[in-house]
Amino acid sequence: MLRWIARYTRWLHTRWPAGTVEPLPRAGRDGATSVPGVSISGDLTGIPLLKYALDSGARAAAAAAADLKGAPPADGAQSALDLAIVGAGVSGMAAAVEARRQGLRFEILEGTEPFSTVVNFPKAKPIYTYPLAMKPAGEVQIGARVKEALVEELKAQTERAGIVPTPGRAERVERSGSGLRVRLEGGGFLGARRVLVAIGRSGDFRMLGVPGESLDKVYNRLHDPKDFSGQEVLVVGGGDSAIETAIALVMAGAHVTLSYRRGEFSRPKHENLEKLQALLRDPRAEVSVEKPKSERVTTAVGPFMGQFPGGSIQLRLGTRVKEIRPSEVVLAGEREEALPNDVVFTMLGREAPLEFFRKSGIRIAGEMRAPQWIGLSLFVLFCAWLYNWKSGGSMAQLFADRHWFPFNLPDILSRIGGTVAADARRPQSLIGTIAISASGPAFWYTLAYSTVIVVFGFRRILRRRTPYVTLQTATLMAVQVLPLFLLPEIILPQLAYHRMLPQGFLDALFPVVTYGHGREFWRAYGLILAWPLNVYNVFTHDPLWWWLAISILQTLVLIPLGIYFFGKGVYCGWICSCGAMAETLGDTHREKMPHGPFWNRANMAGQGILLIAVLILILRIVGWILPDGNAIDSIFDPFLKAPYKWVVDVFLAGVVGYGLYFWFSGRVWCRFLCPLAALMHIYARFSRFAIVPDKKKCISCNVCTSVCHQGIDVMNFANKGLPMQDPECVRCSACVQSCPTGVLQFGQVDRGGKTIKLDLLPASPVVMREGS
């Protein structure tokens, strides 16, 4: 059984990659952080591109200038500056040039030397100036294609602007009266009204954590490859820096072994992978680099070797460094081996200087501290009260007895409408209908729910500004307001009261009751919310045949057909009320979704809830078949239906789903727990929908993965040029829109991954600009 479950889990989902997201400071528009007056730019925004570094620095300085216009001066003599810029890299220097152009009083701090990151690139390193058509804001521009020319180009422009950095290393940013000040290491501070942090990923180099790493022969950067000609070199890493280092060393005559812990490369640029393939020459190496793990030959972790005049390269995928010794290194993989070695390059990159931001009180994305845990706990308690009240629990009765409004609004409306809200008489006015609907909590909950979706939906449209988001959001708002609010609460009651609906239609779909409008018009939710998301039109004492037919049509025909062509998002991203809230109110909380292998396995929790719903359905059908009064009839409502309602619908979908909203993204319920989403995952395994990448444009920035609130490792697909067919995708378009180089587009592919067609509705601003 466990083996079968493991195979099913892998088939359904865990076969897909599960990348992680690097923690970075939380930033909004123009790099604004959680500390008022402090912003970030450059690599810290999550996009490691030179043009974006220039652009974000210039825009941050311009935003500071606009913000300071008309603002009162900060108190204290130490606040003489308008802007303090921390870091004289590409972004910081671009900000300084823009600050000078804006007439700001500024100073720029640098702990080492200007453009130190670029200066420390390997000799003759190729420079990729993506996006090619982009012109950064500000006066500093770049066009160089190699490291040395780039350094000259940047220095010439900043020297012409008269930018001279001040030596100094910042320890933290702190509040000083109504201004700010940058506390310096060794004492002293720099006061300013605004602060821009442009220090990039200047934290500690990532370490292997193995014996021998402290030996003098271990380096974390390469200056001149010729210094290592003829030596036995180990390069460790799977990103651009590692591959570029290996290539440069081979071409300089070194004998290189490139070790990477995973079985395939997922992060390097397309150009670097092509160069590596050219060096390796062995056709088996191309298989291991380009194809997903499931399609690699079994020898993919073995050595592949390319010979060159004076140099050579071996690729060891799926290996890790176990120990570094004075004259050799030990690699562990399918087998352990010791290799002769003169020098080791651990090209693992740097960590962002998170401690600097923590000391400055700047929030880190995904990081929880005591105030956040307290806020989360209080909000979960509020959601527990809210959903208890909304679902007719003890809170609903308490407020019904004590007039749950500050004044009895339903009673006032009923008097205006000429009817009593507590009975089922037919009001002839719209106000009378509203009065009866407003006598229960469901009306107010759904009204508030719809209002939130509309308000934040318009905000999303104004924020995203693509035809795809505009149409998608407008559709979600319309579905929520019309069939999920106005139809059951106002339209159907009015039509029934005025005898505009056939009696047979009413009896078949909306049974008679003794409360509210006299009929169960709330069952109209089932027109949109399909089984098993909404079980209440199916889990009934006697079968409601028309609702059963509608549910079968939705769940077994319409939804699978839509998913086949357009993916799971055809429902989750365009129709579902849970998805509507996630795409509107949750639009600015996408980056909070946890990523990684553990969370990918947690996606399977919904399969368990789906199984429970199916088992309950089977028992319900058996109860219908057996004679009246059978044992299933007697236990179904109190021991099956009611627990399912309170555990799944109220606690998991409501309290957990919305209680975690502002801390763990708006798709917690949708991703991990929703039984309908779990069923649609199965359908999606047979879908033609995919996010189609142009891998030549991919720069491995990981932005697409970081904004996915379903936790999908989108970059892993894009970097390899593979169609993204992860069944978790809800077609929200965040990855497509956020990609800085326009790599991704919605489309359809055949079973072999060949593109059949691309969507006509534009979702990528970059593609829109390129096509105009």
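The values are calculated or read from the model by the stated rules, or taken from the named source; none is laboratory data. Just so you know, these numbers come straight off a predicted model, no measurement behind them. When we count neighbours, we look across all protein chains shown, and the Cβ atoms used for this are built from the backbone with ideal geometry, even at glycine. When the accessible area is computed, the model is the full protein with side chains, heavy atoms only, and any ligands, DNA or RNA have been set aside. Shrake-Rupley method; radii C 1.70, N 1.55, O 1.52, S 1.80 Å.
Contact map, region 519-542: residues that are over 18 Å from residue 442 (Cβ atoms) paired with residues that are part of a loop (DSSP other than H, G, I, E, B) and of a type outside the set (A, V, I, L, M), Cβ distance under 7 Å, separation 6+ or inter-chain. Pairs shown: 538/531. Taken together, 106, 189, 115 contain a single residue that is among the aromatic types (Phe, Trp, Tyr) and on the phi > 0 side of the Ramachandran plot, which is 115. Please count how many residues of region 618-654 are open to solvent by 10 Å² or more (accessible area, probe 1.4 Å) and either under 30 Å from residue 365 (Cβ atoms) or within 18 Å of the chain's Cα centre (by Cα) (or both). Here the count works out to 3.
Suppose the filter is without any contact (Cβ under 8 Å) to a residue 24 or more places away in the chain, closer than 30 Å to residue 726 by Cβ and touching a helix residue (DSSP H, G or I) at 6+ places or on another chain (Cβ under 9 Å); does residue 46 pass it? So residue 46 fails the test. When only residues in region 213-228 that are outside any loop (DSSP other than H, G, I, E, B) and closer than 9 Å to residue 344 by Cα count, which is least open to solvent (accessible area, probe 1.4 Å)? My answer is 218. If you go through region 9-34 and keep only what is in contact with a Leu (Cβ under 8 Å, 6 or more places away or on another chain) and buried (at least 18 other Cβ atoms within 10 Å of the Cβ), you end up with 24, 25, 27, 31. When 532, 560, 493, 543 are screened for being touching a helix residue (DSSP H, G or I) at 6+ places or on another chain (Cβ under 7 Å) and surrounded by fewer than 16 Cβ atoms within 10 Å (Cβ to Cβ), only 543 passes. Restricting attention to region 149-182 and to residues that are under 37 Å from the mean Cα position of the chain (by Cα) and of a type in the set (Ser, Thr, Tyr), the residue that is modelled with the highest pLDDT turns out to be 158. When residue 728 is tested against (1) open to solvent by 10 Å² or more (accessible area, probe 1.4 Å); (2) of a type in the set (Asp, Glu); (3) in a loop (DSSP other than H, G, I, E, B), exactly one condition is not met: (1).
Could you figure out which of (1) crowded, with 16+ Cβ neighbours inside 10 Å; (2) over 30 Å from residue 697 (Cβ atoms); (3) touching a strand residue (DSSP E or B) at 6+ places or on another chain (Cβ under 8 Å) isn't true of residue 93? In the conditions (1) crowded, with 16+ Cβ neighbours inside 10 Å; (2) over 30 Å from residue 697 (Cβ atoms); (3) touching a strand residue (DSSP E or B) at 6+ places or on another chain (Cβ under 8 Å), residue 93 misses (2) alone. For region 340-352, name all the residues that are under 22 Å from the mean Cα position of the chain (by Cα) and buried (at least 17 other Cβ atoms within 10 Å of the Cβ). 352, the sole residue that qualifies. Might you check whether a residue that is β-branched (Val, Ile, Thr), open to solvent by less than 20 Å² (accessible area, probe 1.4 Å) and in a helix (DSSP H, G or I) occurs anywhere in region 673-687? For region 673-687, residues β-branched (Val, Ile, Thr), open to solvent by less than 20 Å² (accessible area, probe 1.4 Å) and in a helix (DSSP H, G or I): absent.
Could you check region 49-71 and list, in sequence order, the residues that are under 18 Å from residue 132 (Cβ atoms) and of a type in the set (A, V, I, L, M)? Within region 49-71, 49, 50, 53, 54 meet the criteria. Only one of the numbered conditions (1) more than 17 Å from residue 362 (Cβ to Cβ); (2) touching a residue at least 40 places away in the same chain (Cβ under 8 Å) is violated by residue 39, and that is (1). The number of residues in region 170-183 being outside any strand (DSSP E or B) and either hydrophobic (A, V, I, L, M, F, W, C) or crowded, with 16+ Cβ neighbours inside 10 Å (or both) comes to 0.
Within region 312-336, restricting attention to residues that are among the charged types (D, E, K, R) and under 17 Å from residue 246 (Cβ atoms), the residue that is least open to solvent (accessible area, probe 1.4 Å) is 316.
Within region 506-524, the set of residues being of a type in the set (Phe, Trp, Tyr) and at pLDDT below 95 comprises just one member, 515. Quick one: which residue in 420, 454 is modelled with pLDDT of 90 or more and either among the β-branched types (Val, Ile, Thr) or over 30 Å from residue 534 (Cα atoms) (or both)? After applying the criteria, what remains is 454. Applying a threshold of 9 Å to beta carbon distances and a minimum spacing of six or more residues, or different chains, the list of pairs starting in region 225-249 at a residue that is among the aromatic types (Phe, Trp, Tyr) and ending at one that is open to solvent by 30 Å² or more (accessible area, probe 1.4 Å) and not in a helix (DSSP H, G or I) reads 228/342. Scanning region 328-362 for residues that are in contact (Cβ under 8 Å) with a residue 40 or more places away in the chain and not in a strand (DSSP E or B) yields a count of 16.
Going through region 369-384 one residue at a time, which ones are open to solvent by 90 Å² or more (accessible area, probe 1.4 Å) and either among the small types (Gly, Ala, Ser) or not in a helix (DSSP H, G or I) (or both)? Answer for region 369-384, where residues must be open to solvent by 90 Å² or more (accessible area, probe 1.4 Å) and either among the small types (Gly, Ala, Ser) or not in a helix (DSSP H, G or I) (or both): just 369. Within region 740-772, the set of residues being under 27 Å from residue 601 (Cβ atoms) and either part of a loop (DSSP other than H, G, I, E, B) or of a type in the set (Val, Ile, Thr) (or both) comprises 749, 751, 753.
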